[in-house]
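Report on the structure given below.
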Amino acid sequence: MSSEYSKPSLKVINIEKISLPATSSHIEMLMMSSIPVIKDLSLLSEDSRKNFLYQHPILVCKNKANNFILVGNFRSLEVAKSLEEKRVPCIVIEHIPQHDQINLIATNELINILFFSLENSISSQRALQLREALLNTDEKILIKICKKFESKKGFCEITQINPRTKM
């Protein structure tokens with residue numbers, strides 16, 4: 001995230017005030033393509049789902065109407081919707097220009113992949129696709145994550161992805 005945005009704060013928000021962002025269809029497809037191990041969240045206890053949200057709070061930005069736009073941790077919103085309690089922990093970033101929201105979403109997803117799931121070929125493929133999508137919108141975003149991400153070779157070297165991975 002850019003330092004030009006306000007400092008994030010942790011707040012408890014009613015999930016009905018959170019809406020999905022207006023993203024490009026390509027980025028939206030990449031965001032929703034991760035396949036969770038557990039598809040039926042009702043199989044997990046309410047406490048385990050709450051613990052997940054404490055570890056992975058929903059990341060939102062506040063809009064002018066005092067509602068919230070989801071910009072990160074998409075899976076967390078799905079988990080939150082499965083709870084009886086509708087007020088959940090969120091990290092709120094204020095004043096993100098609308099044109100920056102898509103880049104923030106894609107950047108957050110790429111960072112999640114880098115930290116959590118590069119052990120399989122699907123994650124590697126998604127990471128490369130997100131890198132390309134970010135490169136096409138703002139090539140400087142990748143350098144803010146890691147200077148070596150500017151080139152595909154550097155990106156693959158750091159992430160240990162085979163550069164010949166099909167996208």
Can L77 be described as in contact with a helix residue (DSSP H, G or I) (Cβ under 9 Å, 6 or more places away or on another chain), surrounded by 15 or more Cβ atoms within 10 Å (Cβ to Cβ), at pLDDT below 90 and under 21 Å from A133 (Cα atoms)?
no
Odd one out for N120, checked against (1) loosely packed, with under 13 Cβ neighbours inside 10 Å; (2) of a type in the set (S, T, N, Q); (3) at pLDDT 75 or above:
(3)
Of (1) assigned to a helix (DSSP H, G or I); (2) of a type in the set (A, V, I, L, M); (3) modelled with pLDDT under 80, L135 satisfies all except one. Which?
(3)
Consider D100 against the criteria (1) at pLDDT below 80; (2) more than 23 Å from L59 (Cα to Cα); (3) among the acidic types (D, E): it satisfies all of them except one. Which criterion is unmet?
(2)
With (1) part of a helix (DSSP H, G or I); (2) modelled with pLDDT of 80 or more as the list, and P163 as the residue in question, which single condition is left unmet?
(1)
From L30, L70, L53, L20, which residue is within 22 Å of L104 (Cβ to Cβ), among the hydrophobic types (A, V, I, L, M, F, W, C), at pLDDT below 80 and surrounded by 15 or more Cβ atoms within 10 Å (Cβ to Cβ)?
L30
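The values are calculated or read from the model by the stated rules, or taken from the named source; none is laboratory data. Since the model is a prediction, treat every value here as computed from it, not as a measurement. Heads up, the Cβs are rebuilt from the backbone with ideal geometry, glycines too, and the neighbour counts pull from every protein chain shown.
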